[in-house]
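J.: What follows is a single structure, and I will ask about it in a moment.
The values are calculated or read from the model by the stated rules, or taken from the named source; none is laboratory data. Treat the numbers as computed from the prediction; the structure is a model and nothing was measured. Ideal geometry is used to build each Cβ from the backbone, glycine not excepted, and the neighbour counts take in all protein chains shown. Note: areas computed on protein heavy atoms with side chains; ligands, DNA, RNA excluded. Shrake-Rupley method; radii C 1.70, N 1.55, O 1.52, S 1.80 Å.
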Amino acid sequence: MSLSTFLQQCLTGISLGGAYALIAIGYTLVYGILRLINFAHGDIFMMAGYFMIFAMATFPWYIAIPIVLLITVLLGVSIERVAYRPLRTAPRMSVMISAIGVSYLLQNLATYLFTALPKGYPEIPFLKKIFKIGGLSASFVTFLTPVLTLIIVYALIILINKTKIGMAMRAVSKDYDTASLMGIKINRVITFTFAIGSLLAAVGSILYFTDRMTVFPFSGSLPGLKCFVAAVFGGIGSIPGAVIGGFILGLGETALVAMGYSTFSDAFTFVLLIVILLIKPTGLFGEKTTDKV
Amino acid sequence: MLKIDNLRVNYGGIEAVKGISFEVPDKSIVTLIGANGAGKSTTLRSIVGLAKPSAGSSITLDGKELIGMDTPDIVSKGIALVPEGRRVFPDMTVIENIKIGAYLRNDNLDEDINWVYDLFPRLKERSWQLSGTLSGGEQQMLAVARALMSHPRILMMDEPSLGLAPLIVKDIFSIIKEINKKGVTVLLIEQNANMALHTADVGYVLETGRITLSGPGKELLADESVKAAYLGKKKD
Ligand SMILES: Nc1ncnc2c1ncn2[C@@H]1O[C@H](COP(=O)(O)OP(=O)(O)OP(=O)(O)O)[C@@H](O)[C@H]1O
Ligand SMILES: [Mg+2]
């Protein structure tokens, strides 16, 4: 393998990893606040793909993208409202089952509405433009994804650590009762968290599907599962963990493909899961407990 | 005025509070004392909407019913609770915990931050420390400071002196008096009945969910049964 092929593969891996990272953050944020694995997250990502197809059919990309972001956020927030909020005091297992139900519901809804046949993902002209940097050549989206991911992650970390709503999110993730004693409205914070998670899933979906060309009702399952593993690998609840998990997954998969083991590329996810569960079950940046009782 | 009328609270069929009534007049210091499990914390948690009273109970602030309101809405009426067991946010720094106490305020906090740091200089030194790594007593100070930051009309404290060294306990009680002088109403739960009754205008003794005795703090201090049960003094 020549150096330039190597770098080319690295770029592909980092780019895929960036999209994974954006989705993984959604799992981690929701888990952090509700202790819930939002099994529907991958399907929200899939629905965002369909939204883009329909939005681009009528609007130019610069109007279609904000519309898709907005509708995806509304979808994520409504799911929380309808399927999770009524179960707020129910055992965690019930909420989990509700999440699995929503996941199937979205897949079946998509099959019913859009048929099971893959639909072509619209081309956003500037994203598909071929770019050359040094010996590397790839479409603009490949360069854009990791950069955009890092910018978004940076903004998110600032939001969580430096703003009032971020402080409220951290408080709610620790202790509902005490957070509400501070005057924080728990449900609003949870809604906000789902909005952010879904927004990132929508961004991830645009970046991911632009490279994949088609969407079908189960497009969200495998990426969803992978990104969940990425979040677990990084330590669920931790944003930097989800990002690093996403990048490792993207790079690992791409490396396997490049070495000619593409049949095993999906299995890499599960190897990663098993390894981390054996070595450090709480993940790379798993919650340390500093609580004093 | 905060008025509790016929408050009953059930936990899965077991009645922890069995119909208690009392009043907390504006600008007074009222204390609830009683043995472990008497229902003191449950009473305070009911006032802020964290425990759900049974039908027929009433908690009013200036005549307005609080039962049924969400905790943040009750808190926004000017009631703050220093919860049992401190409950500071362990992953936040001391200064963040102090600021989150003022979550509902939108004005400048600098003056009040300086004020609580003057009250608790130990916290000032540890401004950037993660609160989970503070000592138990320091966490208790932080919980009190955090509650003060909301500028409460009514400050409720669930055993603020728990786990504090005797000197610091004295400090806490003088702080309670000081903020009361500024016009803040105080509802205080204490194991340290001696200190609490010395400080309070009115005291109530709670026994297994019922109020068995009430009166001005000084009178309760002199009461033989109170002496025997809560002040560790033998009946003569
Ligand atoms: N969440 C709960 N579920 C079930 N029972 C509870 C719950 N909270 C309190 N209780 C019970 O209600 C009773 C009163 O409890 P509470 O915490 O109000 O007592 P307390 O007077 O504050 O006691 P202490 O001085 O030990 O803090 C106790 O018997 C307790 O076991
Ligand atoms: Mg108690």
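J.: Over the stretch B:142-230, with every protein chain in place, what whole percent of the accessible area is carbon and sulfur at 1.4 Å, could you tell me?
T.: 55
J.: Still on this model: Using the Karplus equation 6.51 cos²θ - 1.76 cosθ + 1.60 (θ = phi - 60°), what ³J(HN,Hα) coupling, rounded to whole Hz, does each residue of the stretch B:169-175 give in order, writing x for Gly and Pro?
T.: These are the phi-based 3J(HN,Hα) values: 4, 4, 4, 4, 5, 6, 5 Hz.
J.: Sorting check: for A:203-214, A:270-281, which peptide has the highest mean count of neighbouring beta carbons within 10 Å, and how do the rest follow?
T.: On the way: A:203-214: 21.7, A:270-281: 13.0.
Taking the mean over residues of other Cβ atoms within 10 Å, the ranking is A:203-214, A:270-281.
J.: How large is ³J(HN,Hα) for each residue in the stretch A:125-133, as worked out from phi by the Karplus curve 6.51 cos²θ - 1.76 cosθ + 1.60 (θ = phi - 60°), to whole Hz, x for Gly and Pro?
T.: x, 6, 6, 8, 4, 7, 10, 10, 10
J.: For the protein assembly as shown, build the charge dipole from Cβ charges (+1 Lys, Arg; -1 Asp, Glu) around the Cα centre, then report which of A:MET259, B:VAL186, B:LEU197 sits farthest towards its positive end.
T.: Checking the options against the dipole of the protein assembly as shown, the answer is A:MET259.
J.: In Å², and per residue, what accessible area does the stretch A:21-220 have when probed at 1.4 Å with the other protein chains present?
T.: Ligands and nucleic acids excluded, the figure is 43 Å² per residue.
J.: Please list the non-local residues whose amide H lies under 5 Å from the amide H of A:SER139, H modeled 1.01 Å from N, same-chain partners needing a gap of 5 or more.
T.: When sequence neighbours closer than 5 places are left aside, the close amide H contacts are A:PHE131.
J.: Take B:HIS151, A:HIS41 and sort them by solvent-accessible surface of the protein heavy atoms, 1.4 Å probe, largest at the top.
T.: Sorted by accessible area, descending: B:HIS151, A:HIS41.
J.: Determine the shielding of peptide A:181-194 by partner chains: average, over its residues, the number of Cβ atoms on other chains within 10 angstrom of each Cβ.
T.: On the way: counts 19, 16, 14, 6, 5, 3, 2, 1, 0, 0, 0, 0, 0, 0.
Partner-chain Cβ atoms within 10 Å, mean over residues of A:181-194: 5.
J.: Accessible area lost on pairing B with A, both sides, 1.4 Å probe, Å² to nearest 100?
T.: So the buried area, both faces added, is about 2300 Å².
J.: If I take the Cα coordinates of the stretch A:64-204 and project them onto the principal axes, what are the three extents in Å, biggest first?
T.: 57, 42, 24
J.: If Rh is defined by the Kirkwood formula over all Cα pairs and Rg also comes from Cα, what ratio Rg/Rh do you get for chain B?
T.: Value, to two decimals: 0.96.
J.: Carbon-plus-sulfur fraction of the accessible area of the stretch A:95-206, 1.4 Å probe, in percent?
T.: Carbon and sulfur together cover 71 percent of it.
J.: Here is a follow-up. How crowded by other chains is B:129-135, given as the mean number of beta carbons from other chains within 10 Å of each beta carbon?
T.: Partner Cβ neighbours, averaged per residue: 2.
J.: Could I ask something else about it? Can you pull the one-decimal nm distance between simple spin-label points at A:LEU150 and B:LYS77, each 7 Å off the Cα toward Cβ?
T.: The answer from the label model is 5.3 nm.
J.: Between the chain alone and the structure with every protein chain in place, find the residues of the stretch B:68-84 that drop at least 20 Å² of accessible area; heavy atoms, 1.4 Å probe.
T.: Buried on complex formation: B:THR71, B:PRO72, B:ASP73, B:VAL75, B:LEU81.
J.: Per residue, how many Å² of accessible area does chain B show with a 1.4 Å probe? Display every interim value, and only then the final one.
T.: Values: 10130 Å² over 236 residues.
The answer is 43 Å² per residue.
J.: Amide H of B:LEU213 versus every other amide H placed in the peptide plane: which residues, excluding those fewer than 5 positions away on the same chain, fall under 5 Å?
T.: Long-range HN contacts for B:LEU213: B:VAL205.
J.: Name the helices (complete DSSP H segments) of chain A with a Cα length along the long axis of 30 Å or more and a Kyte-Doolittle mean of at least 1.6, or state none.
T.: Helices meeting the criterion: A:140-162.
J.: Then there's this: Gap in Å between the Cα centre of the stretch B:124-175 and the Cα centre of the stretch A:268-288?
T.: Taking the Cα centre of each part, the stretch A:268-288 and the stretch B:124-175 sit 39 Å apart.
J.: Over the Cα atoms of chain A, what Rg and Dmax result, in angstrom?
T.: Cα only, chain A: 19.0, 61 Å (Rg, Dmax).
J.: Contact order normalised by length for the stretch A:21-220, with contacts defined as Cα pairs under 8 Å and 6 or more residues apart; what percent is it?
T.: Worked out over the stretch A:21-220, it gives 42 percent.
J.: Skipping prolines and chain starts, which residues have an amide H placed within reach, meaning under 5 Å, of the one on B:MET156, given they are 5 or more residues away or on another chain?
T.: Distant-sequence amide H within range of B:MET156: B:ALA80, B:LEU81, B:VAL82, B:LEU187.
J.: Between A:SER262 and B:LYS218, what is the label-point separation in nm under the 7 Å Cα-to-beta-carbon projection?
T.: 9.1
J.: I'd like the distance between the alpha-carbon centres of the stretch B:63-105 and the stretch A:128-192, rounded to an integer number of Å.
T.: The stretch B:63-105 and the stretch A:128-192 have Cα centres spaced 26 Å from each other.
J.: Place the peptides B:78-85, B:65-72 in order of packing, highest mean first, counting for every residue the other Cβ atoms within 10 Å and averaging per peptide.
T.: B:78-85, B:65-72
J.: Could you check which residue among A:ALA99, A:ALA267, A:ALA19 shows the biggest mean-square fluctuation in a GNM of chain A with a 10 Å Cα cutoff?
T.: A:ALA267
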